[in-house]
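Input: a single structure, listed below in structure tokens.
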Amino acid sequence: MTKGPLATLRLVVVKIGSSLLVEQASGELRVSWLDSLSEDIAGLRAAGLDVVIVSSGAVALGRRSLGLGSGVLKLEESQAAASVGQIRLAHAYREALDRRQLETAQILLTLGDTEQRRRYLNARNTLKTLLGLGAVPVVNENDTVATSEIRYGDNDRLAARVAQMISADCLVLLSDVDGLYSADPAIDRDAAFIPVVEKMSGEIEAMATGVRTPTGTGGMVTKLAAARIATEAGCDVIIASGRRSNPLLALAEGARHTRFPAQATPRAARKQWIAGSLELRGAVVVDNGAASALGRGNSLLAAGLVAVEGEFHRGDAVAIRDQRGVTVAQGLIAYSSAEARRLRGRRSEEFEKVLGYAGRDELVHRDDMVVFRQREQDEQAG
């Protein structure tokens, strides 16, 4: 199963559009197609890949159940349709994956969950934990509560943010077309297929067309926006047709698609974001043993904590300094400043007794940290 563009992958996000899941004429779920997709996912899992699904379809399913006709829905109608359709959608995924002995989890996200650091950290940890436990997370935007001002509006960009959040290797956008063309192939018979987009540009973005199907909310415009987000985060992006049964198997066997290569590795992109894009909210001071451990690639443990400077919240970016005052690293901290002070010098098995709950073992996990080179540390020390 892990052949072609899916070979050597470790973690893949697959985005499913409404037009693939829901019959346009009847508004019914395409059960046989979903069953074939689940078969593909089971094949990827058997080959050692972790899979996260980002699925549209809740509004499309719910509007029929509520007797809402075609056309644009009011916000409150869309939210009502989503609340009904989400139950049907989650149940359908659970049944299809259960037949392959795969556990299913539902994650509903809003824009704030991927933009605000504390909520981002919570969502990321939940997804990582589910994958570690062998479940297949099915993600959708929480349309039942999100308003037009605080929502993505399409699941292409949501899928890109999820891929960025979990440092996925590849984002597969299954579409009603098999990739990017120089123009809309349904209108222009001379439209040229583009197999690889090495780098996003204004010329490439000008090729995009809008929504084709009444059930969809995106189109090529949103897919290219998603490709820009994901590739800059170190994730390959593939746009491929989902119209056929077993679409992921077809992709692995060489079905036509457009690939957008990552502009960096996921790890490097995440480290760059932590190092250069976040405002530091405070600092923690560590002993020499902890500073040396960080240099060897270890996480920061409370046992090596000497002092806490400033006030910060869980998920904030903090500087990590040694006892000379040199900043040796910075990262996203898993505890507030008040909690960190209480945990100073403690072992992880003591956390529950001190705080009243069992949190993460690390103050700052190595995946959420950038450690500066020794030369830079010496320069800072003067």
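The values are calculated or read from the model by the stated rules, or taken from the named source; none is laboratory data. The structure displayed is predicted, hence computed values, not measured ones. Neighbour counts run over all protein chains shown; Cβ positions are idealised from the backbone, glycine included. Accessible surface areas use protein heavy atoms only, side chains included; no ligands, DNA or RNA. Shrake-Rupley method; radii C 1.70, N 1.55, O 1.52, S 1.80 Å.
Here are the numbers:
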| read-out | value |
| --- | --- |
| The range 255-382 pair-distance distribution - Cα-Cα, 10 Å bins, rounded % | 13, 43, 28, 9, 5, 2 |
| [x] 17.2; [y] 20.8; [z] 19.6, with the label sought being that of the calculated mean projected area of the Cα convex hull in nm² | [y] |
| All lysines inside 26 Å of K353 as judged from Cα atoms, apart from same-chain residues fewer than 8 positions distant | K128 |
| With every protein chain in place, the chain: carbon and sulfur % of accessible area (1.4 Å) | 47 percent |
| Note, ³J(HN,Hα) from phi for the range 101-111, Karplus 6.51, -1.76, 1.60, rounded to Hz, x at Gly and Pro | 6, 10, 7, 10, 10, 10, 10, 10, 10, 10, 3 |
| Per residue, in Å², the accessible surface of the range 260-382 once ligands and nucleic acids are set aside, probe 1.4 Å | 50 Å² |
| Cross-link reach list, lysines versus K199, counting only Cα pairs under 26 Å and skipping chain neighbours closer than eight places | K3, K15, K223, K271 |
| Neighbourhood net charge (11 Å Cβ-Cβ; Lys/Arg +1, Asp/Glu -1) for E205 | +1 |
| For the chain, share of DSSP beta bridges that run antiparallel, in % to the nearest 5 | 40 percent |
| Value of Rg/Rh across the range 15-92 [Cα atoms, Kirkwood radius] | 1.05 |
